[in-house]
Amino acid sequence: MHLHFLPLLSRVAVCGGTHGNEMSGIYLVKELLKARKKVMEDEEEKPVSVMLVLSNPRAVQQCRRYIDTDLNRCFTHATLSGPMSDTTPYEIIRSRELNTMLGPKGSPGAVDLVCDLHNTTANMGLCLISYSDCDWICLHIFRHLQRQMPDVPLRYIHFDVSNKESYSLDSVGKHGFAMEIGPQPHGVVRSNVYTAMKAGVQHMLDWVSFFNSGNVSEGGFVDVFTMVKRFDYPRDSETHDITAAVHPQLQDRDFCLLHPEDPLFQTFSGETLRYKGKEPLYPFFINECAYYEKGIALSLARKRRVMIPIHKMGRGN
């Protein structure tokens, strides 16, 4: 088998509080900052520099998803380079600050890896969400987490969006992903969800150190879920109010194959609406609380196996 080389990952950012009511990442970043204070003198010897960032401090303070607009939609090239004025929303100003701190996006000066921490109300376990299905760094990290956390359901979700159009904070780094863990209500800390996120971040940083030390990362197969479509709730044509909820047989069945004619929604008058798609697909983000305003009841993905080559760190890349 061929050995492929990837560059050193010298700068990693771990971000929490991009959404100010997703509590696991907020408390984990605060905890890591506290732990860092205690071991400042050891810092110089680390082969990797880790930046710890509370992304949206105002929203964190108010325990709200955002103040003016969703920060995690403010990192497209157009938004980062658009005009600013006295009425520019707080999150757009903040996205520029984060782009200066961690980017600039798409530049050689950007941090090597961004891990942005999120919670979902959906029953998704631990997911890595990335814009690439061939970013070998992200896929190696995912495979390492699978090996180290056999009791946690882990999935790799791929949003097929170009770098220019990619809109979330993790897109600012040379490599990046969101670590999404649920189910957890927004504004709530569930200890088991926090513990899974803490372990996931620790294993990710361990893999980065292992890779930077010149060790070979074994290849292998992983399943990748590529998002292909989203469904809105059925709505009243005049008021735009939703007229149905996710069907009880679909609720909490994230990543369980949805077949044509399976129940999708139950109307408030009691009628069942069925999935009319042509092919079975995997639903995820089912009934996510924060997506009601975005008109997303669930997303659907196709699953395929991806072969990860064997990699080693090589400085020349």
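General observations
- Residues being open to solvent by 30 Å² or more (accessible area, probe 1.4 Å) and closer than 20 Å to Met149 by Cβ - total across region 185-204: 10
- Residue in region 28-42 that is crowded, with 17+ Cβ neighbours inside 10 Å and touching a Phe, Trp or Tyr at 6+ places or on another chain (Cβ under 8 Å) present: yes
- Taking first residues from region 234-246 that are in contact (Cβ under 8 Å) with a residue 40 or more places away in the chain and partners that are open to solvent by 80 Å² or more (accessible area, probe 1.4 Å) and of a type outside the set (Asp, Glu), the Cβ contacts under 6 Å between residues at least 6 apart in sequence or on separate chains come to Ile242/Arg235.
- Residues (touching a residue at least 24 places away in the same chain (Cβ under 8 Å) and either on the phi > 0 side of the Ramachandran plot or open to solvent by less than 60 Å² (accessible area, probe 1.4 Å) (or both)) located in region 248-276: Leu250, Gln251, Asp252, Asp254, Phe255, Cys256, Leu258, Leu264, Phe265, Thr267, Thr272, Leu273
- Residue within region 26-49 that is touching a helix residue (DSSP H, G or I) at 6+ places or on another chain (Cβ under 7 Å) and outside any helix (DSSP H, G or I) present: yes
- Options Ser107, Ser85, Ser95; residue that is within 24 Å of Phe211 (Cβ to Cβ) and out of contact with any strand residue (DSSP E or B) (no Cβ under 9 Å at 6 or more places or on another chain): Ser107
- Residue in region 155-162 that is among the basic types (Lys, Arg), in contact with a Ser or Thr (Cβ under 7 Å, 6 or more places away or on another chain), at pLDDT 95 or above and not in a helix (DSSP H, G or I) present: no
The values are calculated or read from the model by the stated rules, or taken from the named source; none is laboratory data. If you're wondering where the values come from, they're calculated on a predicted model, not measured in any experiment. Glycine also receives a Cβ, built like all others from the backbone with ideal geometry; neighbour counts cover every protein chain displayed. Each accessible area value is taken on the protein alone, full model and side chains, heavy atoms only, with ligands, DNA and RNA left out. Shrake-Rupley method; radii C 1.70, N 1.55, O 1.52, S 1.80 Å.
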